[in-house]
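A.B. asks: Before I ask anything, let me first share the structure, which is written out below as structure tokens.
Values quoted throughout were computed directly from the atomic coordinates according to the rules given, and no laboratory measurement underlies them. Keep in mind the model is a prediction, meaning the values are calculated, not measured. Counting neighbours? That spans all protein chains shown, and the Cβs are built from the backbone with ideal geometry, glycine included.
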Amino acid sequence: MTNLSRFCRNLALIAGLSVPLGAPGQVAQVEAAPVHVVEVLADSDSRYKIAGQRTPEITVQAGEQVVLRVTARRGKTWNRDGSIHGFSLLRSKDRAKVDGWNLLFKPGKQEFQLTAPSEPGDYEVVCTVICSEDHEGMHMKFTVLP
Ligand SMILES: [Cu+2]
């Protein structure tokens, strides 16, 4: 293998491992399905936080693969099982829980592989652990685009 072909192959490998953000059909990615990475801080003050957003909000495409990368910091109270915050996705119109999106966080970093709801619309994330007297304020908007 020449140095050039090795370089090209390495580039292709890197491209295959990165997060494809292009429009569908734009570039054929190397076998990896597109994954949307979302990073959330579930903080000790009973608030969800997303870097760069004043009011945290998650927007996904219907049915897409989502990797949720969470850092959780303990508030004043937590569950007996050690869960310090929750993350439950509700459909706004009827507050119905979305299958597969009822998560519990332990202190520190954790990652979840999820599938976005197939139904576009407005959703809400709510915390399901009584994490402080401010727990009721721990929620954020979640939008599913068609
Ligand atoms: Cu909470």
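A.B. asks: Taking 0.36 nm per residue of sequence separation and subtracting the Cα-Cα distance, how much length would be gained by fully extending the chain between LEU145 and THR71, in nm to one decimal?
C.D. replies: 24.1 nm
A.B. asks: Once phi is turned into θ = phi - 60°, what whole-Hz ³J(HN,Hα) does the Karplus curve with 6.51, -1.76 and 1.60 give for every residue of the stretch 88-102, x standing for Gly and Pro?
C.D. replies: Calculated HN-Hα couplings, in order: 10, 9, 10, 6, 4, 5, 9, 6, 6, 6, 8, 3, x, 10, 10 Hz.
A.B. asks: Relative contact order for the stretch 24-146: what percent, with Cα pairs under 8 Å and sequence separation of 6 or more?
C.D. replies: The value is 30 percent.
A.B. asks: Please list, in chain and number order, the residues 5+ apart from THR77 or on another chain whose amide H is under 5 Å from its amide H, with Hs placed from the backbone.
C.D. replies: Those lying under 5 Å, H to H, from THR77 are SER132.
A.B. asks: Rounded to the nearest 0.05, what FRET efficiency do ASN79 and GLU124 have when you use their Cβ-Cβ distance and R0 = 25 Å?
C.D. replies: In this case the efficiency is close to 0.75.
A.B. asks: Within 10 Å, count the other beta carbons around each residue, average over each peptide in 93-100, 41-48, and list them highest first.
C.D. replies: So the order, starting with the most tightly packed, is 41-48, 93-100.
A.B. asks: Also: Work out from phi, with θ = phi - 60° and the Karplus expression 6.51 cos²θ - 1.76 cosθ + 1.60, the ³J(HN,Hα) of each residue of the stretch 114-121, listed in order in whole Hz, and give x for Gly and Pro.
C.D. replies: So the J values, rounded to whole Hz, are 9, 10, 4, x, 7, 9, x, x.
A.B. asks: Something else about it: Name the residues whose placed amide hydrogens come within less than 5 Å of the amide hydrogen of THR115, ignoring near sequence neighbours (fewer than 5 apart) on the same chain.
C.D. replies: Residues meeting the criterion, in which the H sits 1.01 Å from N, are VAL66.
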